Number of protein chains: 2
Amino acid sequence: MMTTQMAGRALVYLEDLQPGQIYRSSVDPVSVTADGIKAYARQFDPQPSHLDEVAASKTLFGGLVASGWHTAAMTALLLVDGGLPLAGGLVGAGVEDMRWPRPVRPGDRLRVESEVLEVRPSRSRPQQGIAKIRTTTLNQNDEPVQIMTSNLIVQRRGAEAGPVA
Amino acid sequence: MMTTQMAGRALVYLEDLQPGQIYRSSVDPVSVTADGIKAYARQFDPQPSHLDEVAASKTLFGGLVASGWHTAAMTALLLVDGGLPLAGGLVGAGVEDMRWPRPVRPGDRLRVESEVLEVRPSRSRPQQGIAKIRTTTLNQNDEPVQIMTSNLIVQRRGAEAGPVA
């Protein structure tokens, strides 16, 4: 089975990845809305800065801002839908570093850029390897709102047995 | 304004934190359901392992599992609702490391434990400091499903001017 979002895009295997390569999201930017920020916050991060404009205006952010975990989630969506067309899907082995250099506010439009930093085959699992990727989430002014370095499990060519993720 | 979830709990300031302290979530565990896993995935991480039992059974996970970003979100909820009663709320300066040592499946019940690793006052902002915290998310068998080391911005006592977050 092939995930829908990959249809029409060339799948990328471990052998295709090289340090320095940059993948940019091929889908429309994600539009951030006040309602979306609040809905996420009610479910997962119910703090004043994410829940209500008036309460948020009294915080250090000076207004409503998205939860960092919401920004991470929107980044995941951009990556899955059109950021990194990895064969087998996106499976994170872990995150090495994640920062939110500036807040995400209603009206922002987010996109992602992923740079390949390192590629290494797995010794114990010859059918796969690990790619270290730095994914930068950018707003409509090309300002980074999240910078994340993560290690992804990537299939080697010929090792297919359906989706990993 | 005080956030609702902190009512009745003693607020913690930078001066109260010391390396080695452990805070455990004081609220009921979060119950993970198949519907919750799929709803999150449809919105933010639409991959077969998170969307559908049959498709998920063919992935390396062998069944439906929560997105790692969903686990991070449930962890945030546990922390905000009753994990770390920081004065001013929970404001992340960044994540240094985050891993998902085992999958989260339907029926799991999650709780958090946070250990204070380091505490340092800010030089440039005397009213606050940074605490390095390792938060472990555990399932009903006390097995870690997420281990995250993050740096949080924490208010100093007497520096209150409403919630930070």
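The values are calculated or read from the model by the stated rules, or taken from the named source; none is laboratory data. In this text the structure is predicted, and so the values were computed from the model without any measurement. Heads up, the Cβs are rebuilt from the backbone with ideal geometry, glycines too, and the neighbour counts pull from every protein chain shown. Surface accessibility is based on the protein's heavy atoms, side chains included, excluding ligands, DNA and RNA. Shrake-Rupley method; radii C 1.70, N 1.55, O 1.52, S 1.80 Å.
For region A:75-99, give me each residue that is without any contact (Cβ under 8 Å) to a residue 60 or more places away in the chain and within 7 Å of chain B (Cβ to nearest Cβ). Passing the criteria: A:ALA76, A:LEU77, A:GLY94, A:VAL95, A:GLU96, A:ASP97, A:MET98, A:ARG99. Cβ-Cβ distances below 9 Å connect the following pairs, each with a first residue in region B:32-48 that is farther than 12 Å from B:VAL65 by Cβ, a second residue that is open to solvent by 20 Å² or more (accessible area, probe 1.4 Å) and at pLDDT below 95, and a separation of six or more residues or different chains: B:PRO46/A:THR4; B:PRO46/A:GLN5; B:PRO46/A:ASP81.
Restricting to region B:56-66, and then to whatever is of a type outside the set (A, V, I, L, M) and either at the interface with chain A (Cβ under 7 Å from one of its Cβ atoms) or in contact with a Gly (Cβ under 6 Å, 6 or more places away or on another chain) (or both), can you tell me which residue is nearest to B:LYS132 (Cα to Cα)? Per the criteria, the residue is B:THR59.
A Cβ distance below 6 Å, combined with a sequence gap of six or more or placement on separate chains, defines the contacts here; from region B:111-122, residues that are within 19 Å of B:ALA72 (Cβ to Cβ) reach residues that are among the hydroxyl-bearing types (Ser, Thr, Tyr) and surrounded by 15 or more Cβ atoms within 10 Å (Cβ to Cβ) in the pairs B:ARG111/B:SER25; B:VAL112/B:SER25; B:VAL112/B:THR75; B:VAL112/B:THR135; B:VAL112/B:THR137; B:GLU113/B:THR136; B:SER114/B:TYR23; B:SER114/B:THR135. The set of residues in region B:125-138 that are open to solvent by less than 10 Å² (accessible area, probe 1.4 Å) and either over 20 Å from A:LEU60 (Cβ atoms) or free of Cβ contacts under 8 Å to residues at least 24 places away in the same chain (or both) comprises B:THR135, B:THR137. B:VAL119 fulfils the conditions (1) over 22 Å from A:LEU64 (Cα atoms); (2) within 12 Å of another protein chain (Cβ to nearest Cβ) except for a single criterion, (2).
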